[in-house]
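Read-outs throughout are calculated quantities, based only on the coordinates presented, and are distinct from any laboratory measurement. In this text, all values refer to a predicted model and were calculated from it rather than measured experimentally. With ideal geometry, Cβ positions are generated from the backbone for all residues, glycine too; neighbour counts draw on all protein chains shown.
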Amino acid sequence: MKIKEDIVDKEIISAVTDYRNFPMVPRVIYGRGSLGQLGDILLPKRRSTDAPFIFLVDDFFESDTFLRSLPLLFSDQVIYISANEEPKTSQVDALVNNIRESFDELPSGIVGIGGGTLLDISKAVAVMLGNRGRSEQYQGWDLVQRPGVYHVGIPTISGTGAEVSRTAVLLGPNKKLGINSDHTTFDQVVLDPDLLKTVPKEQWFYTGMDCFIHCVESLNGTYLNAFSQSYGEKSYELCKEVFLGDFSPKDSEEKLMMASWHGGMSIAYSQVGVAHAMSYGLSYVLGTKHGIGNCLVFQHLDAFYPEDVRLFKKMLQKHKITLPKNICSQLSKGAMQKMIAIALSMEPLWENALGKDWKSKISAERLESIYQKI
Ligand code: NAD
Ligand code: ZN
C-alpha cells in the first residue's frame, strides 16, 4: 500500500514540474492620456534623489513638446535611441556602461518608450544593470540569475507583444536570440493609444502583421493549449477587425493595442512557427526588420498556413501595401547557407509548427526554395 502511494505521488510531482511558471506584467494602466499618470506611478519607486529614472525613448519622439510630457525629476536622464536597426547586444552593453559611469547609484528604474526595438533594449538594459558581464552571455533561456532594476514599458506601436513578453530579442555576435527570463518582463506597462497616432501606414501594417502571424503560428501549432488558444483567438479576431474591417482610426488603434497584448500572451504559453524561424534567418543575415521580415516570408507559406496566407494577401491588397522583391535572389551561397542554418536552429519553433518529427518534414532545400522566392 505504501509503495503504491509513493508511485502516485511521484506521478503527480513529475506532471507538475513539467509546467512552466511564467511571470506576467504585474501592473498595467490602459487608456488615452494614461501617460499623464506616469509621474504618480514612478514616485513611490524613486529610491533617492541620486537614483534617477533613465528614459530610453525612440528618437522619433525627440521634441520639446514630448520632453515636457515626461515626469522628469532630480537627475533623471532621457536618452533618445534610433529604432532603424534591430537592437544589438553591443548597444545594450554600451548603454549599461554609460549609465553606470554617469551615476554613483544604480538608477531607480528604466522607462522604455517606443516600439519593440526600444522595449527590448529597455528590458535588456534593466536586466543587465542587476547582472555582471555582457548581455550576449544571457541570450538564451533562464540564464539571468539576479533581478535587474525596476522597468516600465510604454509601447508606441502595436503588434510585437514585447510589452508583455518575458524576452528581449537581441542581435548578438553569433545569434539573434532573446534574453528569456523571469527578470526580463516589465514591472509596469502603460498602454496609451494616443501614442499610436503618428505611426506611418506601412510600419503600422508590418508591426500589426507580426501580431497576426503570432496568432496564426500559435493557433496552428502543436504546443497549443486552452490558455494560449483563448488569448490567440481573441487577438486573431481583433487583427481581422483592424485589417479587414472598417473601423475609425481611433477604434483601430485601441483594438490593435489589445490584439498585440493578447497575441503576446498567447505565445507566452505556446510558441511561434515557420514564419518566425525563417524571418530570424533573414534578419540575422540581411538585417531585415522583424515585422517586414515576417511578411516577406509569410506570403510564401501557403503550404503551412493556407487559409491565413489567403487572408494576409487580402489585407495587403486592402491597405495597398507592396512588399519589396528580390531580397534573396542575389545572395551568395555562403549567406544563403547561413540564413538556412539560423532558421533551422530555431528548434522549438519548428517543433511547434510541425511536431516532434519536424526534421523529417523540412529540409534545407525546401527552405532555400522559399527564400529564393523572397
Ligand atoms: P520598431 O520599434 O522597430 O519601430 C519601427 C519604426 O516605427 C521605427 O522607425 C520607429 O521609430 C517607428 N515608430 C515607433 N512608434 C512610432 C510612433 N508612435 N510614431 C511614428 N513612428 C513610430 O518596431 P516594432 O515592429 O514594434 O519592433 C520590432 C522589434 O521588436 C524587433 O527588434 C523584434 O526583434 C522585436 N520583437 C520583440 C518581441 C518580444 O517579445 N520581445 C516580439 C516580437 C518582436
Ligand atoms: Zn514576432
*Within segment 27-196, percent of DSSP bridges classed antiparallel, to nearest 5*: 10
*In whole Hz, with x marking every Gly and Pro, tabulate ³J(HN,Hα) for segment 347-357 from phi via Karplus 6.51 cos²θ - 1.76 cosθ + 1.60, θ = phi - 60°.*
4, x, 5, 5, 5, 4, 5, 10, x, 4, 8
_Between segment 113-145 and segment 305-340, the alpha-carbon center distance in angstrom_ = 30
*Residue exposure sequence - HIS214, HIS183, HIS151 - by fewest surrounding Cβ within 10 Å*: HIS183, HIS151, HIS214
*Based on Cβ point charges of +1 for Lys and Arg and -1 for Asp and Glu, what charge dipole magnitude is obtained for segment 73-198 about its Cα centre, in debye rounded to the nearest 20?*
380
*Hey, if you put +1 on the Cβ of every Lys and Arg and -1 on every Asp and Glu Cβ in segment 59-99, which of LEU95, PRO71, SER82 ends up farthest toward the positive end of that dipole?*
PRO71
*Highest to lowest packing among 277-284, 83-90, 101-108, scored as the average C-beta count within 10 Å*: 277-284, 83-90, 101-108
*For TYR30, list long-range residues whose amide hydrogen, built 1.01 Å from N in the peptide plane, is under 5 Å from its own amide hydrogen.*
LEU191
*Cβ-based exposure ranking for ASP302, ASP210, in which fewest neighbours within 10 Å come first*: ASP302, ASP210
*Put +1 on the Cβ of each Lys and Arg and -1 on the Cβ of each Asp and Glu in segment 297-374; which of HIS319, TRP358, LEU344 then has its Cα farthest toward the positive end of the dipole?*
HIS319
_Can you list residues from other chains, or at least 5 along the same chain, whose modelled amide H is less than 5 Å from the amide H of GLY140?_
GLY178, ILE179, ASN180
*For GLN330 and SER360, calculate 0.36 nm times their separation in residues minus their Cα-Cα distance, and state this gained length in nm to one decimal.*
7.9 nm
*asked:* Can you sort LYS234, LYS325, LYS176, LYS313 from fewest to most other Cβ atoms within 10 Å of each residue's own Cβ?
replied: LYS325, LYS313, LYS234, LYS176
_5 angstrom amide H check on LEU129, placed H, neighbours 5+ away_ = VAL149
*asked:* I'd like the chymotrypsin sites (Phe, Trp or Tyr not before Pro) in segment 217-259 restricted to DSSP loop residues with at most 15 other Cβ atoms within 10 Å, sorted by number.
replied: PHE247
*Got a sec to turn the phi values of segment 196-204 into Karplus ³J(HN,Hα) couplings, 6.51 cos²θ - 1.76 cosθ + 1.60 with θ = phi - 60°, whole Hz, x for Gly and Pro?*
8, 5, 9, 5, x, 4, 5, 5, 4
*What percent of all Cα-Cα pairs in the chain falls in each 20 Å bin, counting up from 0?*
29, 56, 14, 1
*Report, in debye and to the nearest 20, how large the dipole of the chain comes out about its Cα centre when Lys and Arg carry +1 and Asp and Glu carry -1 on their Cβ.*
760
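Rounded if a/c is under 1.5, else prolate if a/b beats b/c, else oblate: with a ≥ b ≥ c from the C-alpha gyration tensor eigenvalues square-rooted, which is segment 195-312? Don't jump to the answer; show the numbers that get you there.
Details: a/c = 1.61, a/b = 1.13, b/c = 1.43.
Judged from the Cα gyration tensor, segment 195-312 comes out oblate (a/c at least 1.5, b/c at or above a/b).
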*Reference-scaled alpha-carbon Rg (2.2 N^0.38 Å with N residues) for segment 27-196*: 0.95
*asked:* Show me, for segment 245-257, the HN-Hα J-couplings you get by feeding each phi into the Karplus relation (A = 6.51, B = -1.76, C = 1.60, θ = phi - 60°), rounded to Hz, glycine and proline as x.
replied: x, 10, 9, 5, x, 5, 4, 5, 4, 5, 5, 5, 4
*Quick one: work out the % antiparallel among DSSP beta bridges in the chain, nearest 5.*
10
